[in-house]
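Chemist: Pasting a structure below so you can have a look.
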Amino acid sequence: MKKYLFILSDIEQKIVEGQFRQGQKLPSVRSAAKLYGCSISTIIRAYAELEKRHAIYSISQSGYYVVEKTGDLPNGNEIKIIDFASALPDENVFPYLDFQHCLNKAIDIYKHHLFTYGDSKGLERLRHTLASHLAGDQVHANVERIMVTSGAQQALEILAKMPFPNGNSVILVEQPSYDIYLRFLMTEGIPVCGITRTATGINLRELEAKFKNDGIKFFYTMSRYHNPLGTSYSPEERKAIAGLASKYNVYVVEDDYMADLGEERGFDPIYAYNRTSNVVYLKSFSKIIFPGLRLGTAVLPERLLETFQTYKRHSDTSLLSQASLEVYIKSGMYERHKHKICKQYAARIRMLNEALLQYNDEGLIGAADVSSGVYMQFKLPQTVNLERLIKRLAARNIIVVSGNGFYLPDYLEREKFLRISISRAQPEQIAEGVKAIVEEIKRNVKW
């Protein structure tokens, strides 16, 4: 990474973390050059880029200052919401200017090709770039097996509706699991059954029994940074799931939608352990860049390619978006932004863990060891009235999500919990929010 880009990222991070407060004067150009061990011109370039991003402003003969955002200024009538509910990325980390540059570059490179009907598989150059990109996560596939989709959701819907070579029809889902997908399956009347997954993992014997006896078409799973639990499968569990899929000819749909939000190294997905092509690997770029991009990719076994493409029918993702993503990844901007957002989210998860350690002294909240991603399960005592708790927290301007919506309606083996998301919770709010949650649980337990 170029020196000025490192400085740029470092200062942005310090602004987000509050080390440089709104309205605060930054180190002078000369002082910053000494601090970072670089030339004055490098600092000037970094500060100029921060000005373009409206993160700082300059005053002649005075220096550079952190921008004061109107929405964050003190205001007697302002209500501060602590948002532990939203799954959307933090708007403050959207790479607006970088991606704008890539849009312009894509138009220059592709020109007339962007204004015609595209290939339903996706832009060929993007698929080649994705092949290299995915290989870094041990997802090795030739370009023909890579399809560009309108987010991971489109791929999930197609896979649910299309027939599979094993002739089975039932979709097995973890319980709890991705609420929007569960609602889709129920609305469409697609046969579905559940298997319990907790913060400690999954019962592999029960999984084997279901693979063997229940006519399972595919098993839908989030191998890491599970929504809503926040936890990841161990290497042993991932390897075992891959082996069972091969043994019983059941497919696994691995939704690795948060693949790039972790700091850990050496995480091989279930896909990497399967040698008989029974795993469909899905990845979305919305959580890293911004939701409106609506681009994802599906890596499909050869036996599913023709049917998947038939159901997909036509190109339904913007060629301009695809071309821009190709430029964004190939230029190294994606990798740089990934490290930036991972660092920020990991810092917030650490703050969440620290707040639990400080305020959860009676152990009323059960929480797994989560260090990456954006979600954490706050498991509650069974005596807590969940609906009343959520209403009382809302009265204190703290928004949380009940775990009930992440289960199939008829699934009875439920845990009582809140799903906590840190993606929109600002760092300075996290401890305050956790303290309030613990206080309300204590009151609720006594009722």
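The values are calculated or read from the model by the stated rules, or taken from the named source; none is laboratory data. What you see is a predicted model, and the numbers here were worked out from it, not measured in a lab. When we count neighbours, we look across all protein chains shown, and the Cβ atoms used for this are built from the backbone with ideal geometry, even at glycine. All accessible areas refer to the heavy atoms of the entire protein, side chains included, with ligands and DNA or RNA removed. Shrake-Rupley method; radii C 1.70, N 1.55, O 1.52, S 1.80 Å.
Chemist: For the stretch 425-447, give me each residue that is at pLDDT below 95 and open to solvent by 60 Å² or more (accessible area, probe 1.4 Å).
Modeler: Within the stretch 425-447, Glu428, Arg443, Lys446, Trp447 qualify.
Chemist: Hey, could you check the stretch 71-124 for residues that are in a helix (DSSP H, G or I), open to solvent by 30 Å² or more (accessible area, probe 1.4 Å) and charged (D, E, K, R) and say which is modelled with the lowest pLDDT?
Modeler: Asp72
Chemist: Go through the stretch 386-416 and give me each residue that's in contact with an Asp or Glu (Cβ under 6 Å, 6 or more places away or on another chain), open to solvent by 40 Å² or more (accessible area, probe 1.4 Å) and within 21 Å of Ala87 (Cα to Cα).
Modeler: Ile399, Gly405
Chemist: Could you tell me how many of the residues in the stretch 396-447 are in contact with a Leu (Cβ under 7 Å, 6 or more places away or on another chain), closer than 28 Å to Lys340 by Cβ and in a loop (DSSP other than H, G, I, E, B)?
Modeler: 4
Chemist: Look at Ser315 and say whether it is within 25 Å of Leu418 (Cβ to Cβ), at pLDDT below 95 and touching a strand residue (DSSP E or B) at 6+ places or on another chain (Cβ under 9 Å).
Modeler: The answer is no for Ser315.
Chemist: Return only the number of the condition from (1) open to solvent by 60 Å² or more (accessible area, probe 1.4 Å); (2) under 19 Å from the mean Cα position of the chain (by Cα); (3) over 30 Å from Ser331 (Cα atoms); (4) not aromatic (Phe, Trp, Tyr) that Pro176 does not satisfy.
Modeler: (1) is the only condition that Pro176 fails.
Chemist: For the stretch 336-377, enumerate the residues that are of a type in the set (Asp, Glu) and at pLDDT 90 or above.
Modeler: Once the filter is applied, which keeps residues that are of a type in the set (Asp, Glu) and at pLDDT 90 or above, the stretch 336-377 yields Glu354, Asp361, Glu362.
Chemist: Report the residue count in the stretch 353-364 for those that are in contact with a helix residue (DSSP H, G or I) (Cβ under 7 Å, 6 or more places away or on another chain), hydrophobic (A, V, I, L, M, F, W, C) and either open to solvent by 10 Å² or more (accessible area, probe 1.4 Å) or within 10 Å of Gly230 (Cβ to Cβ) (or both).
Modeler: Residues flagged as in contact with a helix residue (DSSP H, G or I) (Cβ under 7 Å, 6 or more places away or on another chain), hydrophobic (A, V, I, L, M, F, W, C) and either open to solvent by 10 Å² or more (accessible area, probe 1.4 Å) or within 10 Å of Gly230 (Cβ to Cβ) (or both) within the stretch 353-364 amount to 2.
Chemist: Show the residue pairs that are 6+ apart or on different chains and have beta-carbon atoms under 7 Å apart, the first residue being within the stretch 148-173 and among the hydroxyl-bearing types (Ser, Thr, Tyr), the second being in a helix (DSSP H, G or I).
Modeler: Thr149/Ala155
Chemist: Starting from the stretch 17-38, take each residue that is of a type in the set (A, V, I, L, M) and list its partners that are open to solvent by 40 Å² or more (accessible area, probe 1.4 Å) and part of a loop (DSSP other than H, G, I, E, B), counting only C-beta distances under 8 angstrom and pairs at least six apart or across chains.
Modeler: Sorted first by the residue in the stretch 17-38, then by its partner, the pairs are Ala33/Ser39; Leu35/Pro27.
Chemist: Here are some residues: Tyr65, Tyr47, Tyr4. Which one is assigned to a helix (DSSP H, G or I), of a type in the set (Ser, Thr, Tyr), within 33 Å of the chain's Cα centre (by Cα) and modelled with pLDDT under 85?
Modeler: Only one candidate passes the filter, namely Tyr4.
Chemist: Can I ask one more? Which pairs turn up if I take residues in the stretch 229-245 that are charged (D, E, K, R) and look for partners that are open to solvent by less than 10 Å² (accessible area, probe 1.4 Å) and in a helix (DSSP H, G or I) with beta carbon separation below 7 Å, at least 6 apart in sequence or on another chain?
Modeler: If the second residue must be open to solvent by less than 10 Å² (accessible area, probe 1.4 Å) and in a helix (DSSP H, G or I), the pairs left are Arg238/Ile270.
Chemist: Can you tell me how many residues in the stretch 125-139 are part of a loop (DSSP other than H, G, I, E, B), surrounded by fewer than 17 Cβ atoms within 10 Å (Cβ to Cβ) and not polar (S, T, N, Q)?
Modeler: 1
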